[in-house]
Amino acid sequence: MSRGRANGEGSIFPYRNTWAAYVWVTTPDGQKDRKWIYGKTREEVYPEWVQLKAKAAKIPIPTATPTVSEYFPYWLEEVIKPNREDNTYSHYELMGRLHVIPGVGHKKIDPKKLTVRVVQAWLNKMPGICQCCAQEKDAKRRKPKCCAIGECCEDYPSKRVIEAARGALRAMLNHAMHEELIDRNVAELAKLPKARKRLRRRNSWTVTEARKFLESSRDENDPLYPLWVLILVLGLRKGEALGLVEPPEGWRYDDEENALVDLEWQLQRVGGHPLTHKQVLKADGSTDTLPLPAICLTALKIARHNRESARSDDWPETCICGARHQLVLTTRNGLPIEPRNVNRAFDVRCARYGVRRITIHDTRRTCGSLLAALDVHPRVAMQILRHSRIGLTMEFYTQVPDKATRDALRRLSEFLGTPQEKSDERGQDGERGEDEQGSARPHRD
C-alpha cells in the first residue's frame, strides 16, 4: 500500500485515519519549532502546507495560539495597565469581563477559529441579551424584583455598549497582530448591528431649568455653587472641575476681557484606588485654555473666599499629588472633594431645587444645548467643550478665533440671568452684592 507521499513531501503523512503535516518555523520569541496542520485528505492538507512553508520563510509563526479568554487578561495586565490611563484599563476590563469573554472567550484568536462570521454572530446576539439576566444583577439583590422572579426587565445593551465591546476586542487583536500571533484583525471587518430602540429620557436641561438650578444654588449660598457654574457654563467634566488649580499669580478678577483658565489637571478615583490628581486629561484636545466669563470669575472668587474663611493651622498647602498647587475647590478642611460625593450632592440639590434629575455628565450636554440655543456656531461650541471630533454636527475641525469663543461664553453667561455677577464683589466682611432685583443676600461664612 502506498503511503501517498510524493518526492520532497516527507513532512506530509497519514495520521490516525487522517493526514498531518508540519513545517519548521521560527516562533515570535526566536525559537525553532514545528507547526502542525491536520486534514481529512492529503489534497486538503497539501495547499495549507505549501502556504505555511512560504509564509514561514518570510515571517515568524507562532506554534500555539491562545484563546480570547487567555490572551485578554495578559493584554490588560502587560500592555494596557502599564501604558494607558486607569480609566482606560477599567473600561477595557469591564468590556472584557461582561461581554467579550462570555461571548467569544472560548475561541482561539487565530482568524481560522475566530472568524468574521463568529464575531458577527456574537455582535448580532448582543442587542437581544438582557444584561440583568446575563450578569444576574437582580439575583444579587436582597429583594429580587424583576429577572430573578421571572419578570425580565429587558435591560438590553445600547449601541454605544455594543460598539465599546467590539472596540475592546479589536484593540486586543491589534496588539496580537503586533506580536505576530495573527495576520489580520477580524473584529475590524465585523459590522455593528442595529441596537434595540429604547425610550430615552431627556438627558439635558432646558435653559430655564439650568437657570433655576444656578439661581437656587446661589440664593442658598451653596458651597458647591462654584462647581455647578464651572460645569454648566464652561462644560467642564467633573474631574476637570475638581482638579482645577489656582495659578501661582492668582486669578485676575477685575480683568474680564483677558481672564483665562488653563485646563490641564483632573481629580479621579478609579475603582477602589486612592484619589489621583494628575496632569493628564481625557484627550489631547481636552487640555486647553478657555476665557472666563463674568459668572465664572465670580464663582472663582466665591470659592477662594470659602477657602480663606475655612483656613486653619492644619490646612494642607499641597495637593494630593505632592506638587505645590492649590486646588480651587476643596472641602471645609482643605482636602480634595470626593467625586462620588459630588454625584450625591447633585442629586439632592436637583430634588431640593425642583428641577429634573440628570447626571453630572449630562451637564456637558446641557452646556452644548445652551450654546445651540444661543445660535453659537457648532465649531465654536466644539472648542468650548473641547471635543476631539465633532461627529454629530460636523465632519471637519477648524480653528476658532479666541474672540468668537469669548463672545459665545459671554452670551451664555448673560443668558443664564447673571449679567451683574462681574460687579458682585465678595468682601472680607462676608457681604455680597445685590442681585438683579436689588435685594441683598448675606454671605455664608
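Each value in this text was obtained by applying a stated rule to the coordinates, not by laboratory testing. Everything numeric in this text was worked out from a predicted model, so none of it was measured. Virtual Cβ from ideal backbone geometry, glycine too; neighbours counted across all protein chains shown.
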query = Which of the trypsin sites (Lys or Arg not before Pro) found in the range 17-52 are loop residues per DSSP with 13 or fewer other Cβ atoms within 10 Å of their Cβ?
reply = Lys40
note = A correct fewest-to-most ranking of Thr363, Thr41 by other Cβ atoms within 10 Å would be Thr41, Thr363
request  = First select every other residue whose beta carbon is under 12 angstrom from the beta carbon of Lys58; then total the charges, Lys and Arg +1, Asp and Glu -1.
outcome  = 0
message = For Thr115, Thr366, which order do you get if you count the other beta carbons within 10 Å of each Cβ and list the fewest first?
response = Thr115, Thr366
task = Step through the residues of the range 149-162 one at a time and calculate ³J(HN,Hα) from phi using the Karplus curve (6.51 cos²θ - 1.76 cosθ + 1.60, θ = phi - 60°), rounding each to whole Hz and writing x for Gly and Pro.
result = 10, x, 10, 4, 8, 6, 7, 7, x, 7, 4, 5, 5, 4
query = What list do you get for Leu123, Leu169, Leu242 if you sort them by fewest beta carbons within 10 Å?
reply = Leu123, Leu242, Leu169
remark   = If amide H atoms are modeled at 1.01 Å from N in the peptide plane, then the residues at a separation of 5 or more from Leu234, or on another chain, having amide H under 5 Å from its own are none
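Which values, in whole Å and largest first, are the semi-axes of the equivalent ellipsoid of the range 12-56 obtained as the square root of 5 times each eigenvalue of the Cα gyration tensor? List each step's numbers first, then the result.
Numbers: eigenvalues 91, 25, 7 Å².
Over the Cα atoms of the range 12-56, the semi-axes work out to 21, 11, 6 Å.
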task = Per residue of the range 345-358, in order, report the coupling 6.51 cos²θ - 1.76 cosθ + 1.60 (Karplus, θ = phi - 60°) as ³J(HN,Hα) in whole Hz, putting x for Gly and Pro.
result = 4, 5, 4, 4, 6, 4, 5, 5, 8, x, 10, 5, 6, 10
ask   = Using modelled backbone amide H atoms (1.01 Å from N, in-plane), which distant-in-sequence or interchain residues come within less than 5 Å of Leu267's amide H?
value = Glu240, Leu242, Gly243
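Note down the net charge around Leu76, summing +1 for each Lys or Arg and -1 for each Asp or Glu among other residues with Cβ under 14 Å from its Cβ.
Taking every Cβ under 14 Å from that of Leu76, the sum is -3.
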query = Could you give me the ³J(HN,Hα) list for the range 111-120, computed from phi with Karplus coefficients 6.51, -1.76, 1.60 and θ = phi - 60°, whole Hz, x at Gly and Pro?
reply = x, 6, 9, 8, 8, 4, 5, 5, 5, 5
